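Participant: A single structure is presented below for examination.
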């Protein structure tokens, strides 16, 4: 399959999670990988739907005189075809002016509203946690490993069907698990992958907003950890857009930094490379526990927890 490169100036967590399923992020906002035409077109559509006022470029193989083609979005330029050769030209001034808007962006207004609101902000909570950490010798005392199961990869179209989390507090471990009721039926491929059925959701599922609210209370101001966790955060952020994790640790990205030559970065393969017997159940809570066992092997975990005994997961 041909090489594809996507470059972004803004990468929302949900978009980074989707792109990371298919491409490798070799630098901030630069994604590369070998994918087929159908996947490439779907990913580019997700990019266009997600970048807002950001900018994006995609380049890919094409059987033409150049041997490649490209597209851009958000630049004051356009791609033109001249006898089979694509070139970049500046937009006419009148078209540039028509795309410019006066005033502040919605994102700017939102940030200002949060900054000057009287509510208890994530910044205040992070400051409190930092003060507490300093009093306790600078150690990280708690974190939450997060995983979700979904009906697909697109947080704008697909649904969460299960939430799972494992919280480490000192030497103790707390667990959170919820099945989510959805209006549609679960695709057969997802039933096969996870073992979660429509009957399970009908009998035990709760409303997604209620479940996410419980989950965020469970997480509090703790560091959120997970395997390609920005994918999970992207789905939750669609339900609770005001949520801002205090800190994020992506275990998969940490593994890529420490062991970039591993032949595969799938959860089970990485676990086996560390000598951890692993079967990926594709159930949220079990995958949290497996991700935690892998994280405990990393330098990131050791630097945060090495001065105290690691919590042991109980079966």
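Participant: Suppose R0 equals 45 Å; then what is the FRET efficiency for residue 5 and residue 173 from their Cβ-Cβ distance, rounded to the nearest 0.05?
Facilitator: 0.60
Participant: Tell me, what is the FRET efficiency for residue 200 and residue 73 to the nearest 0.05, using R0 = 30 angstrom and their Cβ-Cβ distance as r?
Facilitator: With a Förster radius of 30 Å, E is 0.15.
Participant: What ranking do 194-200, 248-254, 184-190, 13-19 get when scored by the average of other Cβ atoms within 10 Å per residue, highest first?
Facilitator: Final packing ranking: 13-19, 248-254, 194-200, 184-190.
Participant: Another question about this same structure. Taking 30 Å as R0, compute the FRET efficiency from the Cβ-Cβ separation of residue 184 and residue 45 and round it to 0.05.
Facilitator: The formula returns an efficiency of 0.90 here.
Participant: May I ask for the distance between the Cα centers of the range 238-298 and the range 155-192, given as a whole number of Å?
Facilitator: 16 Å
Participant: Another question, if that's okay. Between residue 281 and residue 214, 0.36 nm times their residue separation minus their Cα-Cα distance comes to what?
Facilitator: Taking 0.36 nm per residue and subtracting the Cα distance, the gain is 21.8 nm.
Participant: Here's another thing I want to ask about it. What nm value, rounded to one decimal, do you get for the distance between residue 27 and residue 63 when each label is placed 7 Å out toward the C-beta?
Facilitator: 3.3 nm
Participant: Tally the DSSP beta bridges in the range 139-305 and give the antiparallel ones as a percent, rounded to 5.
Facilitator: Approximately 70 percent, going by the DSSP bridge assignments.
Participant: Fewest to most neighbouring Cβ within 10 Å: what's the order for 174, 183, 244?
Facilitator: In increasing order of surrounding Cβ atoms, one gets 183, 174, 244.
Participant: If each residue's Cβ is checked for other Cβ atoms within 10 Å, how do 293, 149 rank with the fewest at the top?
Facilitator: 293, 149
Read-outs throughout are calculated quantities, based only on the coordinates presented, and are distinct from any laboratory measurement. Because the structure is a prediction, the values reported are computed rather than measured. Cβ coordinates were reconstructed from backbone atoms using ideal geometry, including for glycine residues, and neighbour counts include every protein chain displayed.
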